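Novice: Take a look at the following structure, please.
The values are calculated or read from the model by the stated rules, or taken from the named source; none is laboratory data. Model, not experiment: these values are computed from the prediction. Cβ placement follows ideal geometry from the backbone for every residue including glycine, while neighbour counts extend to all protein chains displayed. Surface accessibility is based on the protein's heavy atoms, side chains included, excluding ligands, DNA and RNA. Shrake-Rupley method; radii C 1.70, N 1.55, O 1.52, S 1.80 Å.
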Amino acid sequence: MIAIIDYDAGNLKSVEKALHYLGEETIVTRDHRQILSADKVILPGVGAFAEAMEHLKRYELDKVIGEAVNRQTPFLGICLGLQLLFAGSQENGGVEGLHILDGEIIKIPAGEGLKIPHIGWNSLHLQNQGKLFEGIEEGAFVYFVHSYYLRAENPEIVKASTEYGVCVHASVEQGNVFACQFHPEKSSSVGLQILRNFAKTGEV
């Protein structure tokens, strides 16, 4: 069972639909017991960092996420869900995150020909042998929607990057924690393979 955390941040149905297409059993929930008893957990999300953190704390999901990670449950953050896993974001003048991974979330700098938010398909540079990218070719295209990007403190956890005026750390893995800045559930066959790979994590 894969638990998809519901904290009023949207983007739940498309993730659930993609996993159902892959034959995975899911539950969309904010119930602490259901999350902690799940085989795997996904934190999706779109929108503002500060509001998302406020919702996580209101439902005490920040504590549950920390406990699930400590229990070594495979955990996947998607888009805003990736950003929330880090120490904090420059958004809204600076907001503290979950501190599960080391790094900061920074505003994409303005540049000639660059539209912000960054919306669209970009190719990935794969590195450091990410488990999520097994069976995926270098240069594969995935779908992004974001105005802020990750700068991870430890380059070794970065498994995929892309260029959008700056080098965007597009996916990270550390132990049982996985995260993608892009939307695998909206990234066609490549994204489905990434979700399939996540669903297989921890299996013998």
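Novice: Looking for whichever is open to solvent by less than 30 Å² (accessible area, probe 1.4 Å) and in contact (Cβ under 8 Å) with a residue 24 or more places away in the chain here; the options are 78, 116. Which one fits?
Specialist: Only one candidate passes the filter, namely 78.
Novice: On to the next question. Would you confirm whether any residue within the stretch 145-163 is small (Gly, Ala, Ser) and more than 16 Å from residue 78 (Cα to Cα)?
Specialist: Within the stretch 145-163, not a single residue is small (Gly, Ala, Ser) and more than 16 Å from residue 78 (Cα to Cα).
Novice: Counting just the residues of the stretch 183-204 that are β-branched (Val, Ile, Thr) and open to solvent by 30 Å² or more (accessible area, probe 1.4 Å), which one comes out farthest from residue 121 (Cα to Cα)?
Specialist: Among residues in the stretch 183-204 that are β-branched (Val, Ile, Thr) and open to solvent by 30 Å² or more (accessible area, probe 1.4 Å), the one farthest from residue 121 (Cα to Cα) is 204.
Novice: From the list 99, 20, exactly one residue is in a helix (DSSP H, G or I), modelled with pLDDT of 95 or more and open to solvent by 40 Å² or more (accessible area, probe 1.4 Å). Which is it?
Specialist: Sole residue among the options that is in a helix (DSSP H, G or I), modelled with pLDDT of 95 or more and open to solvent by 40 Å² or more (accessible area, probe 1.4 Å): 20.
Novice: Of (1) without any contact (Cβ under 8 Å) to a residue 60 or more places away in the chain; (2) over 22 Å from residue 145 (Cα atoms); (3) under 17 Å from the mean Cα position of the chain (by Cα), residue 40 satisfies all except one. Which?
Specialist: Residue 40 satisfies every listed condition except (1).
Novice: I'd like the full set of residues that are in contact with a helix residue (DSSP H, G or I) (Cβ under 9 Å, 6 or more places away or on another chain), farther than 20 Å from residue 164 by Cβ and modelled with pLDDT under 95, limited to the stretch 60-92.
Specialist: Result: 88, 92.
Novice: Let me ask something additional. Being in contact (Cβ under 8 Å) with a residue 12 or more places away in the chain, part of a loop (DSSP other than H, G, I, E, B) and open to solvent by 40 Å² or more (accessible area, probe 1.4 Å) is the filter here, so list the residues in the stretch 125-182 that pass it.
Specialist: The answer is 127, 128, 129, 134, 135, 138, 153, 154, 165, 175.
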